[in-house]
Amino acid sequence: MGLFLKIFIPFLGVALAFYFYSAPQSFNEEMLRGKRVIVTGASSGIGEQMAYHLARMETHLLLTARTQAKLQKVVERCLELGAASAHYISGSMEDPSFPEEVVKEAENTWGGLDMLILNHIGYSGVGFFDGNIGQVRKLLETNFLSYVAMTTAALPMLKESEGSIIVVSSMAGKTGSPFAASYSATKFALDGFFSSLRHEFVIEKVNVSITLCILGYINTDSAVRAVSHIIQGTPAPKEECALEIIKAGVLRQRELHYPPWMMSSIVLLRDIAPEFLDSVIRSKYKVENVKRTP
């Protein structure tokens, strides 16, 4: 019976995920028309694709990332696609003052905010943990503390608009992954903070939604460049992923799993068969291609 349950429950999880994600949803692009949206990490990858989808939905956009030249091109494209307005502010989330600067720019530009999409990332590469504590601190500043700082600064406006917070995370924030110890720690921290904050919103009757997005291997240039030689598998399309993130946020979903069947199965297996899941995860890595620090 125990073995049967360990086999049956994951298949049930896959079936349920397929049903819920394939069922008709009440999303309508009109829900976003005229909304004021911040997108971080918007110069490339999933953030760039979210900006283009939101532009087609005629939102007001404030985009941020490190590279000004790339942001300028994304903003120009957003205006061509029909954005109600599009602005950018470039800078690094490693700077503790920058998250508040971004939110202040939105307040000065629009006087309010409807959706905060936290998507930026600092990445340490794939490899065995080498004991570099400074790198861990740096990643915590970019991947976690800046998310908290931006949320804190934006909350007064989001409370007024009864808006939404979208937190882009990954499988590494739900179950441990090899060769990503520092990165995984920051993603687990996001889950802990925003899940706790959601409780407080409910208790205090704050009508601001929090959507945590658990993503798998996506075909962004940076992800493919970093792990294609190490991970076995085909990455999911960033364009579709970006749209699903937006839908989940608008529909005020608690979590998004993408690709749905894969991520939902992993989350389920983490609780009922963790050692089996660990062995599956390890089997997907080409360990011989992972560099060790001398």
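The values are calculated or read from the model by the stated rules, or taken from the named source; none is laboratory data. Computed from a predicted model, the values in this text were never measured in an experiment. Ideal geometry is used to build each Cβ from the backbone, glycine not excepted, and the neighbour counts take in all protein chains shown. Protein only, heavy atoms only, side chains kept; ligands, DNA and RNA dropped before computing areas. Shrake-Rupley method; radii C 1.70, N 1.55, O 1.52, S 1.80 Å.
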* Report, to the nearest 10°, how far helix 181-203 tilts away from the longest principal axis of the Cα atoms in the chain, using its own Cα long axis and a range of 0 to 90°. => 60
* Structure fact -> Per its Cα gyration tensor (rounded if a/c is under 1.5, else prolate when a/b beats b/c, else oblate), region 159-294 is best filed as prolate
* Where Lys and Arg each count +1 and Asp and Glu each count -1, what net charge lies around SER44 among other residues with Cβ under 14 Å from its Cβ? -> +3
* Structure fact -> Heavy-atom accessible area per residue of region 30-287, all protein chains kept, 1.4 Å probe, expressed in Å², is 43
* Structure fact -> For the chain, percent of DSSP beta bridges that are antiparallel (nearest 5) comes out at 5
* Given the rule -39500 (n - 2.57) for each run of at least 4 DSSP H residues, summed and divided by the residues of the chain, what is its mean residue ellipticity at 222 nm, to the nearest 500 deg cm²/dmol? -> -16500 deg cm²/dmol
* **Over the chain, relative contact order from alpha-carbon pairs under 8 Å, at least 6 apart, %** => 19
* Low-density loop cleavage sites - trypsin sites (Lys or Arg not before Pro) in region 157-206, where at most 10 other Cβ are within 10 Å (DSSP) -> LYS205
* Asked: For the chain, what % of the accessible area comes from carbon and sulfur atoms, probe 1.4 Å?
  -> 56
* **Between region 162-186 and region 193-253, the Cα center-to-center distance that results, in Å** => 9
* **Mean projected area (nm²) of the alpha-carbon convex hull when the chain is viewed from all directions** => 16.2
* Between ARG33 and GLU200, what length in nm is gained on full extension when 0.36 nm per residue of separation is reduced by their alpha carbon distance? -> 57.2 nm
* **ARG56-LEU251 pseudo-label distance in nm [points 7 Å out on the Cα-to-Cβ vector]** => 1.8
* To do: Straight distance only, please: which lysines reach the Cα of LYS247 with their own Cα at less than 23 Å, same-chain residues fewer than 8 apart left out?
  => LYS35, LYS159, LYS174, LYS187, LYS238
* Asked: When the dipole is taken about the Cα centre of region 30-287, and only Lys, Arg (+1) and Asp, Glu (-1) are charged at their Cβ, what size is it in debye, to the nearest 20?
  -> 460
* Asked: Going through region 185-294, which GluC sites (Glu not before Pro) have at most 12 other Cβ atoms within 10 Å and a DSSP loop state?
  -> GLU204
